[in-house]
Amino acid sequence: MSDCIFCKILNKEIPSKFVYEDETCFAINDINPKAKKHILVIPKVHVKSLNEVDDNMLIKNMFDAIKKINAKEGIKDFRLQINTGKGAGQEVDHLHIHILAN
Ligand code: 5GP
Ligand code: ZN
């Protein structure tokens, strides 16, 4: 989607270091970290939020990616967060999972 920050990062229109990438998703460090490690796992396909997901494989792929990212980053204890909808604090309307670790 043309005016989506995460699509722009994926398309290299906005520079951002990928800490992980595979066929279905990629991960970046959050620009405004709320924990010592704060990583965003983002599907390559533009999906607005969890409410719009109709492909369970997408969720499986994201959780597989989380395991690999955590192994790579040495993260053992962590929290996951998926803000869904403006009322829940979703700022970027492109599905993403926060990994938070201290
Ligand atoms: P949300 O509130 O939508 O669940 O979370 C969006 C997250 O994206 C926020 O934690 C915010 O700091 C992060 N973010 C917003 N814009 C950018 C950006 O351009 N680069 C990176 N790395 N993170 C961003
Ligand atoms: Zn997008």
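The values are calculated or read from the model by the stated rules, or taken from the named source; none is laboratory data. Remember, it's a predicted structure, so these values are computed and weren't measured experimentally. FYI the Cβ positions are ideal-geometry reconstructions off the backbone, even for glycines, and counts take in every protein chain you see. Surface accessibility is based on the protein's heavy atoms, side chains included, excluding ligands, DNA and RNA. Shrake-Rupley method; radii C 1.70, N 1.55, O 1.52, S 1.80 Å.
Determine, yes or no, whether ILE99 is part of a strand (DSSP E or B), surrounded by 13 or more Cβ atoms within 10 Å (Cβ to Cβ) and away from ligand 2 (no atom under 14 Å from the Cβ).
yes
Of the residues that sit in the range 11-35 and are within 20 Å of GLY89 (Cβ to Cβ) and in a loop (DSSP other than H, G, I, E, B), which one is most open to solvent (accessible area, probe 1.4 Å)?
Taking the candidates together, the pick is ILE31.
In the set LYS48, LYS72, LYS8, which member is open to solvent by 50 Å² or more (accessible area, probe 1.4 Å) and assigned to a loop (DSSP other than H, G, I, E, B)?
Residue meeting the stated conditions: LYS48.
Quick check on this structure: which one of ILE99, ILE39, ILE69, ILE31 is within 9 Å of ligand 1 (Cβ to nearest atom) and within 14 Å of the chain's Cα centre (by Cα)? Quick ask: steps written out before the conclusion?
On the way: ILE99 fails: within 9 Å of ligand 1 (Cβ to nearest atom); ILE39 fails: within 9 Å of ligand 1 (Cβ to nearest atom); ILE69 fails: within 9 Å of ligand 1 (Cβ to nearest atom).
After applying the criteria, what remains is ILE31.
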